[in-house]
Amino acid sequence: MENGNNSANGSANGNDFLRAEGVVKNFGAVSVLKGVDMHVKKGEVLGLIGDNGAGKSTLLKTITGFHRPDGGKLLIEGEEVNLRSVAQARALGIQTVYQDLALVNELSVFHNMFLNSELTVGPFLNNRAMKEKTARYLEDMGVRIPSIDTEVARLSGGQRQAIAVARAVYSDAKMLLLDEPLAAMGAKEGALILDLIQRLKEERGIPMILIVHNYAQVFDVCDRVNLLRNGRIEFDRPVGETSVEELTEIVVSEYRKARQGKPTSG
Amino acid sequence: MSETTGQTSGETAAPETGNGTQERGVGMRILGALARVREASVLLVAVGLAIYFQSANSAFLSQQNILTLSRYAVPYVVIAAALCLLLICGEIDLSVGQSFAFAPIVMYLAYDKLFLVLPLAVLVGLLAVALVGLINGVITVYLGVSSLITTLGMFFLLAGLCVTLTGGFPATPPDANTTTRILGEYAWSGTIWAVVIVILLQLLLSRTRWGLHTYATGGNPLGSREAGVSVARIKIGNFMLCAVLGGFVGIIESFRISSIDPLAGGPQLVLLCIASAVIGGTALLGGVGTATGAFLGALVLIILQNGFTLQGISAYTFNIILGIAILVAMILNVYVARLRGAGRV
């Protein structure tokens, strides 16, 4: 753990796209984040893992301006930012794909694709331009769906995830946050999404944070893994220096401790 | 260890969700087609009723009756279409009927007691109901009170204000002049206003960002917020729009009948308008509906009412048919919502 923290601090600041220093978030008397130190380098895919209730979603929502931190600071490309809203984080290029995908079932694929960044002609929606662009974006990313006029409700989980990712990428994303990108997906659809992540990393060099409960599935596409536990990053290592087995051992040992009634390390 | 089990079951459930998607696809396709033909079917019902009533009584399609019918329909059509916006974004305004009564009263007081010129007095009346909408919206959105309760409270508050401000007696609006003619005294002016308002609302809904965000807000409030849609602004804006349109059509109506009635905003008005919107395909749970549908829904109800009156059938029979129509429409809506809910798993 000591090593992990050292390597985190030892990295060159200039290469970081995002850096969190001592981020604290409380909900009433409950302290969820107790001083998170984390960084994502440019072009890097970071796997953020942690058990249920470790604070992954809270950390995500703090980075995206949904929650305001109670302490610590966030730096984007070396400059401290004080995020007040999701819109502000988006303007800085931080795009998030939430677990519920933030898609509106009742709207068409192309309307979802441009939700809140619609193309307009005067006061009116420019549906034709949005359709053309949506078709082009999805083709570029190798995403295939029956029709862009289709209501999102009619698509499969993988197709919906792909649309949500495409939307984030094409909203001038400088960094992508993916919350449980493989949730409720079978192997076939999950592989599709992993391919998509791999391609985004190689072709566009977009830094990404994958927030996952099930790290084994995404291990291959990550450059580095961070383990969030007890409100802190307790483990930080490049994937080359760790393995799924080691991560499993860390998680399982936690369960063992819990079962023996010993207090968890903090 | 229980968590590990939960996790495994979650994984095995995944492929099933995939299959569910396929079935849902078919179900949604049928319902989508149903929703699309909804307006056409309501129009068909309206035409069918018109033909039936004409064959039963040739006075039905006489110029005089068409004028009567269209003038009578104006408040219902406008309020139904305005309510539709609010219903689509997942809220309701039970007080819109009272805004209908309140705006002309404020206008009258501004004209009669503050000696404002009439166009300015009209503006004051509209500002008053805009404030009503703002209060409805702020209480609902920021204080977290269900809009059903917020606007129920506002309903009684305004009902009391209307009677208090007028002393309980109808007032007479200003004498005929250009403003009153434009706003309702000319025989067809109300109808023209109503048609223009419905067209504008439909344009707003289907062709602008505001409309798209209204659907998004009702369809997936949390998701819309995550996408950066200002859900609070959309909801409060639609509360205000609904109240202002209700008040505006109230002013039009007061010029038409040359009377400002403090009791004009009774529950019958708003309930009929909600029924119109629902019959026209608006989902009470939000995300679905059109202003055109609400317009056609109101038209069907008005034709029914007028046709029955011409045939000498009592209002009670009308209520029975209205009740059945609402129940059928609601059962359809619930069915749609249930399928969509299943789609969200």
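Results, tabulated for the structure shown:
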item	result
Residue that is free of Cβ contacts under 8 Å to residues at least 24 places away in the same chain and touching a Phe, Trp or Tyr at 6+ places or on another chain (Cβ under 9 Å), where the choices are B:L120, B:L86, B:L94	B:L120
Qualifying residue in region B:55-63 (condition: more than 14 Å from every other protein chain (Cβ to nearest Cβ), at pLDDT 60 or above and under 23 Å from B:L285 (Cβ atoms))	no
Residue within region A:111-130 that is hydroxyl-bearing (S, T, Y), surrounded by fewer than 23 Cβ atoms within 10 Å (Cβ to Cβ), at the interface with chain B (Cβ under 10 Å from one of its Cβ atoms) and over 19 Å from A:V152 (Cβ atoms) present	yes
Residues satisfying the stated conditions in region A:76-91, i.e. touching a Leu at 6+ places or on another chain (Cβ under 7 Å) and in contact (Cβ under 8 Å) with a residue 40 or more places away in the chain	A:I76
Qualifying positions in region A:92-113 - free of Cβ contacts under 8 Å to residues at least 24 places away in the same chain and either touching a strand residue (DSSP E or B) at 6+ places or on another chain (Cβ under 6 Å) or not acidic (D, E) (or both)	A:H111
Helices (runs of 4 or more DSSP H) completely within region B:192-259 that count 2 or more residues being touching a Gly at 6+ places or on another chain (Cβ under 9 Å) and within 9 Å of chain A (Cβ to nearest Cβ)	B:209-219
Cross-chain or 6+ apart pairs with Cβ under 8 Å, region B:207-226 first and over 19 Å from A:A153 (Cα atoms), then surrounded by 24 or more Cβ atoms within 10 Å (Cβ to Cβ) and modelled with pLDDT of 95 or more	B:W210/B:I234
Test: residue in region A:178-193 that is assigned to a helix (DSSP H, G or I), over 12 Å from the mean Cα position of the chain (by Cα) and of a type in the set (D, E, K, R)	yes
In region A:60-104, the residues that are of a type in the set (D, E) and more than 10 Å from chain B (Cβ to nearest Cβ)	A:D70, A:E77, A:E79, A:E80
Extreme residue, farthest from the chain's Cα centre (by Cα), among residues of region A:11-59 that are closer than 23 Å to A:Q217 by Cα, of a type in the set (A, V, I, L, M, F, W, C) and away from chain B (no Cβ under 14 Å)	A:M38
Qualifying residue in region A:141-149 (condition: away from chain B (no Cβ under 14 Å), free of Cβ contacts under 8 Å to residues at least 40 places away in the same chain and closer than 25 Å to A:L210 by Cα)	yes
Condition met for A:G240 (more than 14 Å from every other protein chain (Cβ to nearest Cβ) and within 24 Å of A:T134 (Cβ to Cβ))	no
Answer residue from region A:150-166, given it is facing chain B (nearest Cβ under 10 Å) and of a type in the set (S, T, N, Q) and is farthest from the chain's Cα centre (by Cα) among those	A:T150
Test set (1) in a helix (DSSP H, G or I); (2) at pLDDT below 85 - B:S276 fails condition number	(2)
Candidate set: region B:219-239, residues that are within 15 Å of the chain's Cα centre (by Cα) and buried (at least 21 other Cβ atoms within 10 Å of the Cβ); chosen: the one farthest from B:A81 (Cα to Cα)	B:K235
Odd one out for B:P262 among (1) under 14 Å from the mean Cα position of the chain (by Cα); (2) closer than 29 Å to B:L161 by Cα; (3) of a type outside the set (A, V, I, L, M); (4) part of a loop (DSSP other than H, G, I, E, B)	(1)
Meets criteria (β-branched (V, I, T) and in a helix (DSSP H, G or I)) for B:T317	yes
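Here is a yes/no grid of residues against (1) surrounded by fewer than 17 Cβ atoms within 10 Å (Cβ to Cβ); (2) modelled with pLDDT of 90 or more:
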residue: A:N5; (1), (2): yes, no
residue: A:G10; (1), (2): yes, no
residue: A:L18; (1), (2): no, yes
residue: A:F27; (1), (2): yes, yes
residue: A:K41; (1), (2): no, yes
residue: A:V45; (1), (2): no, yes
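The values are calculated or read from the model by the stated rules, or taken from the named source; none is laboratory data. Predicted, not measured: the structure shown is a model, and the values here were computed from it. Note: ideal-geometry Cβ built from the backbone for every residue, glycine included; neighbour counts use all protein chains shown.
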